[in-house]
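Read the structure below first, then the notes.
The values are calculated or read from the model by the stated rules, or taken from the named source; none is laboratory data. In this text the structure is predicted, and so the values were computed from the model without any measurement. Neighbour counts run over all protein chains shown; Cβ positions are idealised from the backbone, glycine included.
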Amino acid sequence: MEVVICKTKQEASKLAAEMVSAAVLNNPKIVLGLATGSTPVLLYKEMAKIAKATKVSYKQAKSWNLDEYVGLAGTHEQSYRRFMNENLFSHIDIQIKNTHVLNGLAKNLERECAAYEKQIKAAGGIDLQVLGIGSDGHIAFNEPGSSLKSRTRCVYLTPSTIKDNARLFFKGKESEVPTRALSMGVGTIVEAKKIILLAFGKGKADAVKGCVEGPVTQFCTASALQEHNDCWIFCDEESASKLKLKKYYAWRSATILGL
Ligand code: PGA
């Protein structure tokens, strides 16, 4: 696990975008795993900026998103399908038919999740997975208590996630946040060949501490990433503030990245 600590989220997002863009340039048929939430918004802006200014093209790329709320149509203002279309897909040359988001309106949720797993496998697996982290240490919607071997399935959101997401996306109305979601499992996520996790702000400091330096436990599902051999954690100074070895991580990653 490499922890990159930048002064600001702008700086961290730019560096992460350069890493994603280099991977796309190197493998135009890349299979991306993508995340939603407030955290990757700047990353997606930077990826689009780089694609416009360079030869980086997503024409042959494919993507699978981490999760979607149960009960929301892809056209719903707060659906993750809509988020992706607005924040990334409409700004790069990826073909919409090659982008995949779980269907929160599927009649048979179990079948939807099993089919999603099959699709990812058939595509050769995720080459590069983008992640955020919840204030409770979740990745995708793998809340505390999720098995670290879990696969894509229907999950129940914790009150803290409902609160976090209401604040950001549902005009503060907790009652409007769906209580269930379809989510890739921790076991699905850690199979990605490369992982980039972004975390910003002091509200994520405990989660980052648990992810990087805590025990590997179901109670902070991001901690499973400690066992991945190509995982990059991009932090700002606030989210990295509780890390015991932060000076060492900052020096090591800057040396590796040639910063
Ligand atoms: P956020 O959510 O980016 O909106 O903070 C992250 C997450 O819950 O994974």
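Within segment 106-142, track down each residue that is at negative phi and near the ligand (Cβ under 10 Å from one of its atoms).
Hits for segment 106-142 are 131, 132, 133, 134, 135, 136, 138, 139, 141, 142.
Give me the pairs, please: first residue somewhere in segment 44-64 and part of a strand (DSSP E or B), second residue anywhere and at pLDDT below 95 and surrounded by fewer than 20 Cβ atoms within 10 Å (Cβ to Cβ), beta-carbon distance under 6 Å, and either six or more positions apart or on two chains.
Matching pairs, first to second residue: none at all.
Quick one: would you say residue 200 is touching a residue at least 40 places away in the same chain (Cβ under 8 Å), among the aromatic types (Phe, Trp, Tyr) and out of contact with any strand residue (DSSP E or B) (no Cβ under 8 Å at 6 or more places or on another chain)?
no
Can we say residue 204 is of a type in the set (Lys, Arg), in a helix (DSSP H, G or I) and more than 20 Å from residue 120 (Cβ to Cβ)?
yes
Check residue 86 against each of (1) in a loop (DSSP other than H, G, I, E, B); (2) without any contact (Cβ under 8 Å) to a residue 60 or more places away in the chain; (3) of a type outside the set (Phe, Trp, Tyr); (4) closer than 20 Å to residue 38 by Cβ and name the one condition it does not meet.
(1)
Are there any pairs, at least 6 apart or on different chains, whose C-beta atoms fall under 7 Å, with the first in segment 26-39 and of a type in the set (D, E, K, R) and the second away from the ligand (no atom under 16 Å from the Cβ) and part of a strand (DSSP E or B), and if so, which?
none
Of a type in the set (D, E, K, R) and at pLDDT 95 or above, is that true of residue 49? Step through it out loud before you land on a result.
Numbers: of a type in the set (D, E, K, R): yes; at pLDDT 95 or above: yes.
Yes, satisfied.
Exactly one condition in (1) assigned to a strand (DSSP E or B); (2) within 16 Å of the ligand (Cβ to nearest atom) is false for residue 37; which is it?
(1)
Have a look at 78, 10 and point out the one that is farther than 23 Å from residue 193 by Cα, within 16 Å of the ligand (Cβ to nearest atom), of a type outside the set (Asp, Glu) and not in a helix (DSSP H, G or I). Break it down into steps so the answer makes sense when it comes.
On the way: 10 fails: not in a helix (DSSP H, G or I).
Testing whether each residue is farther than 23 Å from residue 193 by Cα, within 16 Å of the ligand (Cβ to nearest atom), of a type outside the set (Asp, Glu) and not in a helix (DSSP H, G or I) leaves just 78.
Among the residues of segment 89-133, how many are surrounded by fewer than 14 Cβ atoms within 10 Å (Cβ to Cβ) and polar (S, T, N, Q)?
So the answer is 4.
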